[in-house]
1. If you average over every viewing direction, what projected area does the convex hull of the Cα atoms of the range 21-66 give, in nm²?
2. In nm, what is the difference between 0.36 nm times the number of residues separating D34 and L53 and their Cα-Cα distance?
3. Using a simple charge model, +1 on the beta-carbon of Lys and Arg, -1 on the beta-carbon of Asp and Glu, nothing else, what dipole does the range 14-63 show about its Cα centre, in debye to the nearest 20?
4. For H36, H52, which order do you get if you count the other beta carbons within 10 Å of each Cβ and list the fewest first?
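Nothing in this text is a laboratory measurement; each read-out follows from the coordinates by a stated rule. All values derive from a computational prediction rather than experimental measurement. Ideal geometry is used to build each Cβ from the backbone, glycine not excepted, and the neighbour counts take in all protein chains shown.
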Amino acid sequence: MTTTRQEKLMPDLAGPRVLARFSAADPRGSWPADDHAAKLTADGTAAVVVMHLDTDDFLVVTDTTT
């Protein structure tokens, strides 16, 4: 099976999706990524926070495969 050019350009939408990005340089004791993930979860969208080490950002992500 060959991969078409369109398939190479289109992202896999069935995987985790980044909903928000927060700098890890926020003031000590500030947790905006966690607060945002908690609000989304309370509103019905399961979200978690992960660290993107290359950019030093906290990402709020959801798993769209479930």
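1. Details: hull surface 13.9 nm².
Dividing the Cα hull surface by four gives the mean projection, 3.5 nm².
2. Working: separation 19, 0.36 × 19 = 6.84 nm, distance 1.69 nm.
Additional length available on full extension: 5.2 nm.
3. I would put it at about 80 debye.
4. Values: H36 17, H52 13.
Sorted ascending by nearby Cβ count, the order is H52, H36.
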